[in-house]
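Can you keep this structure in mind? I'll have questions shortly.
Every read-out reported here was derived from the displayed coordinates using simple, explicitly stated rules and does not represent laboratory data. Here the structure is a predicted model, which means the values were calculated and not measured. Don't worry about glycine lacking a Cβ; one is built from the backbone with ideal geometry, like all the others, and counts go over all protein chains shown.
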Amino acid sequence: MLDAFRELIDELIGAPQMLKDAGLESTSDPAVLASAALVSVRDLALIERIQATLRQDTPLLKAPPDFGSHGTTAETVAEFDRARGELVSLLMNLTLKEWERTAIDWNGREISVADDVEQHVEFEEDQIEVILSALQA
């Protein structure tokens with residue numbers, strides 16, 4: 001089970017470098033920057049949800065944001081790196097029991113920390129595909 005959690009963390013760790021290698025730091029494309037900003041704000045929202053799940057008994061979680069605002073390319077990349085670093089740091093320090101803690105999501109369903117992280121990674125994969133397609137165009 002810990003291997004599955006490690007795989008999620010590895011995917012999160014690899015994304016910033018993959019985007020930098022594809023040219024994120026040199027783009028001014030507003031759609032690309034908006035997608036990167038969205039991933040960043042969703043990273044921060046996931047951190048908040050995980051912390052609430054760890055601190056409270058069956059908390060009611062807020063839905064992830066649907067958009068993120070961005071500044072310059074450098075600011076957007078720096079925020080992406082900062083948010084991702086905070087998220088990865090939090091995840092790497094979770095115990096098995098903490099990965100299994102549950103909350104009630106924005107749809108009224110029970111969700112574990114592990115499931116929330118997995119959904120976040122799946123969302124991010126879709127966003128990265130959009131970003132990479134735009135950078136390669």
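How big is the charge dipole of region 61-115 about its Cα centre, in debye rounded to the nearest 20, if each Lys and Arg gets +1 on its Cβ and each Asp and Glu gets -1 on its Cβ?
120
Taking the Cα-to-Cβ direction at residue 62 and at residue 106 and moving 7 Å from each Cα, how far apart do the two end points lie in nm?
A separation of 1.0 nm, rounded to one decimal place.
Now, a different point. Arranged from highest to lowest average of other beta-carbon atoms within 10 Å per residue, in what order do the peptides 66-73, 35-42, 13-20 appear? Provide the component values of the computation, followed by the final result.
Working: 66-73: 13.8, 35-42: 22.6, 13-20: 15.8.
Sorting 66-73, 35-42, 13-20 by mean packing, highest first, produces 35-42, 13-20, 66-73.
Could you point to the residue in 16, 52, 99 farthest towards the positive end of the chain's charge dipole, with +1 and -1 charges on the Cβ of Lys/Arg and Asp/Glu respectively?
So the residue we want is 52.
Taking the Cα centre of region 2-136 as the origin, how large is its charge dipole in debye, to the nearest 20, when only Lys and Arg (+1) and Asp and Glu (-1) carry charge on their Cβ atoms?
420
For the chain, calculate the relative contact order in percent as a whole number, restricting contacts to Cα pairs under 8 Å that are 6 or more residues apart.
On the way: 152 pairs, mean separation 49.2, N = 137.
Relative contact order for the chain comes out at 36 percent.
May I pose another question? Which of the GluC sites (Glu not before Pro) found in region 52-137 are loop residues per DSSP with 14 or fewer other Cβ atoms within 10 Å of their Cβ?
Filter output for region 52-137: 100.
Then there's this: Taking Cα centroids, how far is region 3-51 from region 81-101 in Å?
14
In addition: Using label points projected 7 Å from each Cα along Cα→Cβ, tell me how many nm separate residue 55 and residue 20, to one decimal.
Those two pseudo-labels are separated by 3.1 nm.
Ok, one more. On full extension of the chain, what length is gained from residue 69 through residue 126, given 0.36 nm per residue of separation minus the C-alpha to C-alpha distance?
Here the answer is 18.7 nm.
If you don't mind, there's one more thing I want to ask. Among the complete DSSP H segments of the chain, which ones combine at least 15 Å of alpha-carbon extent along their axis with a mean Kyte-Doolittle hydropathy of 0.5 or more?
Helices meeting the span and hydropathy rule in the chain are 30-55.
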